[in-house]
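Trainee: Before we start, here is the structure in question, set down as structure tokens.
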């Protein structure tokens, strides 16, 4: 969902266009990159993260080296994404994948064609970066290799489904089910704990300090993936909102991970949070590149491709990083937005039914 109105490309329009050599298409929005804004935003969001890595915590040298190598790969991905977005914009416009910004309706900006589905660029660059980093960081006998590949499979599957949704405009009842299938590789490869710590006031009633939920915990993780994927898509409507919320949440995840690494002495626990960093840094870098074109006034639309991709990526890092409960805190605005949107839809349908019933009674009389 976004502040856009998709163009309708039918066969008659295509035929008319081929017979009429005179260009009648509306103008296209200029591709302006907000580099200065992105630089200031990056410094604001990444300063605490860099301070924790280089000054506050004493992190193992090999682990810090892997994080910095991943950061360097992510930085390269930022520039590649910025370079590829204008190129991809031309191709999507040729296939009539564009929309109009309804927030600028009544102005000249509302008549401009804005390229759609540019999230596909971010998804492709992210997957390439993740595969290249896998080659340089993981060995063939690494315990994390299976989970890493399962994470990439889920993200790739969700990116593909998001692009299909942009092209075919999939109904909402189907959209709710798509992440359920995309998360299956992730759940099958998950080898972490399925326990929860009981709050101290409830221990006397339950009789346990730690409760193993088993398959119920995996069901929760599957539902979490569905929520994260659709919450980014629902919480939209303004230029830069979809990418902006992803950038903020990804920055919070990075800070949380580095704090957990610095405070823990368990190597396996540290590796789980480092695993999360390896996926979030490329997500943040490529998203910042997309935000430079999607920030107001938007030059491109991200499409459902990006919202599905970003939501699934953050669900993956929360699940495999073993902080899926904490992830919901970072999604607090989306959690609060969900019942509001649900209530708004119920009220709208209720009013619509009342108006329809009134018109029917009026016609009958």
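Just so you know, all these numbers are worked out from the coordinates, no wet-lab data involved. Remember, predicted model here, so these are calculated numbers, not experimental data. Cβ coordinates were reconstructed from backbone atoms using ideal geometry, including for glycine residues, and neighbour counts include every protein chain displayed.
Trainee: Would you mind checking the tilt of helix 332-364 against the longest principal axis of the Cα atoms of the chain, expressed as 0 to 90 degrees and rounded to 10?
Mentor: Between helix and principal axis, roughly 30 degrees.
Trainee: Kindly provide the helix-only [θ] at 222 nm of the chain, computed as the sum of -39,500 (n - 2.57) over DSSP H runs of four or more divided by all residues, to the nearest 500 deg cm²/dmol?
Mentor: Here the helix-only value at 222 nm equals -23500 deg cm²/dmol.
Trainee: Still on this structure, I have one more. Determine the relative contact order of the chain: mean sequence separation of Cα pairs under 8 Å and six or more apart, normalised by residue count, in whole percent. Walk me through the intermediate numbers first.
Mentor: Working: 475 pairs, mean separation 99.6, N = 365.
Answer for the chain is 27 percent.
Trainee: Moving on to the next point. Kindly provide the Kirkwood hydrodynamic radius of the range 105-179 in Å, to one decimal, from all pairs of distinct alpha carbon atoms.
Mentor: Numbers: mean 1/r = 0.0663 Å⁻¹.
Hydrodynamic radius (Kirkwood, Cα pairs) of the range 105-179 is 15.1 Å.
Trainee: Using a 10 angstrom cutoff on alpha carbons, build the Gaussian network for the chain and name the most mobile of 237, 36, 318.
Mentor: The residue with the greatest mean-square fluctuation here is 36.
Trainee: With only alpha-carbon atoms counted, please give the Rg and Dmax of the range 268-346, in Å.
Mentor: Here Rg and the maximum Cα pair distance are 15.1, 46 Å.
Trainee: Placing one identical point scatterer on every Cα of the range 33-147 and ignoring solvent, what is log10 I(q)/I(0) from the Debye formula at q = 0.20, 0.23 Å⁻¹?
Mentor: Once normalised to I(0) and log-transformed, intensities are -1.20, -1.32.
Trainee: For the range 62-111, max minus min Cα coordinate along each principal axis, in Å, sorted largest first?
Mentor: So the three principal-axis extents are 56, 24, 13 Å.
Trainee: Let me ask you something else. Once label points are set 7 Å from the Cα along Cα→Cβ at both residue 210 and residue 40, what is their separation, rounded to one decimal in nm?
Mentor: 4.8
Trainee: Per-residue counts of other Cβ atoms within 10 Å, averaged by peptide: what ranking do you get for 180-189, 297-306, highest first?
Mentor: Final packing ranking: 297-306, 180-189.
Trainee: Then there is this: How far, in degrees from 0 to 90, does helix 267-294 lean away from the longest principal axis of the Cα atoms of the chain, to the nearest 10?
Mentor: In the chain, helix 267-294 runs at an angle near 20 degrees to the longest axis.
Trainee: What fraction of the DSSP beta bridges in the chain is antiparallel, stated in percent and rounded to the nearest 5? Intermediate values should be presented prior to the final figure.
Mentor: Numbers: 7 of 8 bridges.
If we restrict to bridges inside the chain, about 90 percent are antiparallel.
Trainee: Hey, could you pull the Cα Rg and Dmax for the range 230-314, both in Å?
Mentor: Computed over the Cα atoms of the range 230-314, radius of gyration and Dmax are 14.5, 47 Å.
Trainee: On a 0 to 90° scale, report how tilted helix 35-51 is relative to the longest principal axis of the chain, with both axes built from alpha carbons and the result rounded to the nearest 10.
Mentor: That works out to roughly 20 degrees.
Trainee: Averaged across orientations, what area in nm² does the convex hull of the alpha carbons in the range 275-320 project? Intermediate results must be reported in sequence, preceding the final value.
Mentor: Numbers: hull surface 12.6 nm².
Here the figure is 3.1 nm², rounded to one decimal.
Trainee: Springs between alpha-carbon atoms under 10 Å, Gaussian network over the chain: tell me which of 252, 191, 71 tops the mean-square fluctuations.
Mentor: 191
Trainee: A further question on this structure: Take the chain, connect every pair of alpha-carbon atoms lying under 10 Å apart with a spring to form a Gaussian network, then pick out the residue of 233, 337, 149 with the largest mean-square fluctuation.
Mentor: Looking only at 233, 337, 149, the largest GNM fluctuation is found for 337.
Trainee: List the pair-distance distribution P(r) of the range 159-261, using every Cα-Cα distance, as the percent of pairs falling in each 10 Å bin from 0 up to the bin containing the longest distance, rounded to whole percents.
Mentor: Here the calculated profile for the range 159-261 is 12, 29, 35, 19, 6, 0.
Trainee: Another question, then. Calculate, in nm to one decimal, what residue 194 and residue 95 gain on full extension: separation in residues at 0.36 nm each, minus their alpha carbon distance. All intermediate terms of the calculation are to be shown ahead of the outcome.
Mentor: On the way: separation 99, 0.36 × 99 = 35.64 nm, distance 4.62 nm.
Taking 0.36 nm per residue and subtracting the Cα distance, the gain is 31.0 nm.
Trainee: Oh, and also: Extending each Cα 7 Å along its Cβ direction at residue 223 and residue 173, get the distance between those two points in nm, one decimal.
Mentor: 2.2
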